[in-house]
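Since the structure comes first, as structure tokens, the remarks are kept for the end.
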Amino acid sequence: MYQPMLFVHWKQARMLLVPFVLAAFALPLLVVQGFGAGDSDVSQEAYRILANYQVWLPYFPMLAASVGAVLALTAWNWDHHLGHIYALSLPVARWEYVMLKMGAGVALALVPTAAMWIGAQLASGSIVMPEGLRAYPNQLAARFFLATLMSYALFFAMGAGTIKTTVWIVSAVLFFFVGGGLIDILLGAFDPTMSDVNVVASTVSWLARAGGPFAVFTGNWTLIDV
Amino acid sequence: MNSAIELSGVSWRAGKSFELTDVSLRVPVGSIYGFLGPNGSGKTTTIRTFLGMLKPDRGDIRVLGKEVPRAMREILACVGYVPERPHVYPALTVAEQVRYHSAFFPTWDRGWADELTNRLQLDPDRKIARMSKGEAGKLLLLLALGQRPSLLVLDEPTDGLDPVVRRDVLATVLDYVGETQATVLISSHLVHELERICDWVGVMDRGRVVTEMPMQHFKNGIKRLRVVGAPVSVPDAPFVVLSRQSDNGAGSTETWIVRGWEPPMSYFIEGVGGTVRDVFDLDLEESFVELLRSSRPTTIRSR
């Protein structure tokens, strides 16, 4: 059952995945563009590479999040469109169907990951690495894969519910940001000692810090590092 | 197991707009059961309930002798289902859709499915999104029959199809039933279509089962009578008066629609002061309409 499920997901997602696969391949190459000819001062070259890498850094987690979202939405799109009638008429338990679908998306996430791995390998092989710097193509690809899975799982779970459920979740998140912002303002207005309290920023920081559920997005996306 | 499908006291409510109320029906094993009712009467909802897609608020359901929803997986493995609207993936080709579908059914008969593909003149390379309504209908039938189901549930399978495709679809179903003795529940509002093929009939209206009986009883049991000197009321009548209407407004001659009529019952009417002048057979559609009319609260019922 898994193979046909994978095929159906592939059939639906493939055209949408193409630009993301190309971007995953190209991004590591763009990062090292113009560096590593080995003819300049080593320490300066190392500094320039790392500084340039910082410019490109946000695009890696953004790309992973986008790939996850595309995979999740394409996983459920047809089922939603058909009112889930087909899925429910198949002789398979609901949880099993969901797991098969989830598994198909996980396998598809390997395609852009492979593209990124190849791009990272080519990028790190294309430059003469200044002394003290190392390339981490495998780690970059692994982080990209994990971040994609995180995003995929999140959107997949939202997509698995009804539109009503999704609206509730999105509304709750929006309510949190708006409500949290209002609480921050009110606390600061009524009690100046509380003006440093920032509910929204603290929560986001808690979610994204090491050990938090979104740490994979904010961690060290290094292709080249010391 | 005498019943392929058995619902008792099933109720289900969708907001304030629609509900199934105390639905009980019994589809005998090996029968072709016509499930009649106007649009929006609850046929599709009932089907979805016994196929485990909707969870009823009350009531018991058994399909192929197994309890719903507990044994849903085993049940669905033996059920061929054609929903009222195509439910298959539009970007796949016929062959891809068949391959996908067959992976879920351990009893899928590839040779039989290939035979059906040829018989129904389906192009395996044709994309579903580009198929006509007739072709899509044939594909759904192929998917429903390919696993050689012991129960076939067809929800408005010929709705919107041209007569040629309609005939192909029904002929394929009848051939299959003739060969395998499978049970078929076929829902439709096209009464004439069911008249020819069904041996049982159930009628639904406004979320309730109005009646269910063998087709022969349904066809022969509902009559139009012209009664002269009609009594004001007929308590303890051996038949059911579905409706009665004065022919000339004065009340001496009336037209009655009755259910469960047998010729000797004219003596009963004579016994209460009336005379049966004429008895007319109703065709299935007229019977169906009269039955629905009598079941609705605005209708003039027997006094």
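A short reminder: the numbers here are calculations on the coordinates, not readings from a lab. Computed from a predicted model, the values in this text were never measured in an experiment. Here the Cβ is made from the backbone with ideal geometry for all residues, glycine too, and neighbour counts use every protein chain on show.
Summary table below
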| item | result |
| --- | --- |
| Net dipole in debye of chain A [+1 Lys, Arg Cβ; -1 Asp, Glu Cβ; about Cα centre; nearest 20] | 800 debye |
| Where a label projected 7 Å from the Cα of A:I183 along Cα→Cβ would reach, residues of the stretch A:198-219 with amide N under 16 Å | A:198-207 |
| Share antiparallel - DSSP beta bridges, the protein assembly as shown, percent rounded to 5 | 70 percent |
| Peptide B:87-98, shielding by other chains (average Cβ, 10 Å cutoff) | 4 |
| Convex hull per residue volume in Å³, alpha carbons only, for the stretch B:1-72 | 80 Å³ |
| Residue among A:L30, A:G125, A:A141 farthest towards the positive dipole end of the stretch A:1-152, charges placed on Cβ | A:A141 |
| Part-to-part distance (alpha-carbon centres) for the stretch B:213-292 and the stretch B:150-180, which is given in Å | 35 Å |
| Extension gain from A:N77 to A:W95, taking 0.36 nm per residue of separation minus the Cα-Cα distance | 4.7 nm |
| For chain B, Kirkwood radius (reciprocal of mean inverse C-alpha pair distance, Å) | 21.0 Å |
| Given charges at Cβ of Lys, Arg, Asp, Glu: chain B dipole, positive-most of B:S287, B:T255, B:H101 | B:H101 |
| Cα-based equivalent ellipsoid, the stretch A:1-137: semi-axes from gyration tensor eigenvalues, Å | 42, 12, 11 |
| Given charges at beta-carbon only (K, R positive; D, E negative), |dipole| of the protein assembly as shown in Debye | 400 debye |
| Debye-sum result for the stretch B:146-303 in log10 I(q)/I(0), which assumes one identical scatterer on each alpha carbon, at q = 0.15, 0.17, 0.18 Å⁻¹ | -0.84, -0.98, -1.06 |
| Folded to 0 to 90 degrees: helix B:163-180 orientation relative to chain B principal axis, Cα | 80 degrees |
| DSSP H segments from chain A that extend 27 Å or more along their own axis, Cα-based, with Kyte-Doolittle mean of 1.0 or above | A:2-31, A:137-160, A:163-190 |
| Whole-percent pair-distance distribution, where bins are 5 Å wide, for the alpha carbons of the stretch A:73-114 | 5, 21, 25, 25, 13, 7, 4, 0 |
| Total charge dipole magnitude, the stretch B:210-288, about the Cα centre, Cβ charges on Lys, Arg, Asp, Glu only, Debye to nearest 20 | 120 debye |
| Efficiency of FRET between B:S252 and B:R119 - r from beta-carbon atoms, R0 56 angstrom, step 0.05 | 0.40 |
| Along principal axes, Cα extents of the stretch B:36-110, largest first, whole Å | 40, 29, 19 |
| For the stretch B:124-149 versus the stretch A:73-141, the gap between their alpha-carbon centres in whole angstrom | 31 Å |
| B:R110 versus B:R130: modelled label distance in nm, points set 7 Å from Cα along the beta carbon direction | 2.6 nm |
| Gain upon complete extension [B:S17, B:A237; 0.36 nm per residue less C-alpha separation] | 75.5 nm |
| Average silhouette area of the protein assembly as shown, convex hull of alpha-carbon atoms, in square nanometres | 37.1 nm² |
| FRET E, pair A:L16, B:Q245, Förster distance 60 Å, beta-carbon r, rounded to 0.05 | 0.40 |
| Listed residue pairs exceeding 32 Å between alpha carbons, taken from A:K101/B:K127; B:K55/B:K127; B:K55/B:K138; A:K11/B:K133; B:K138/B:K219 | B:K55/B:K127 |
| Cβ-derived FRET efficiency at R0 60 Å, B:K219 paired with A:A210, nearest 0.05 | 0.20 |
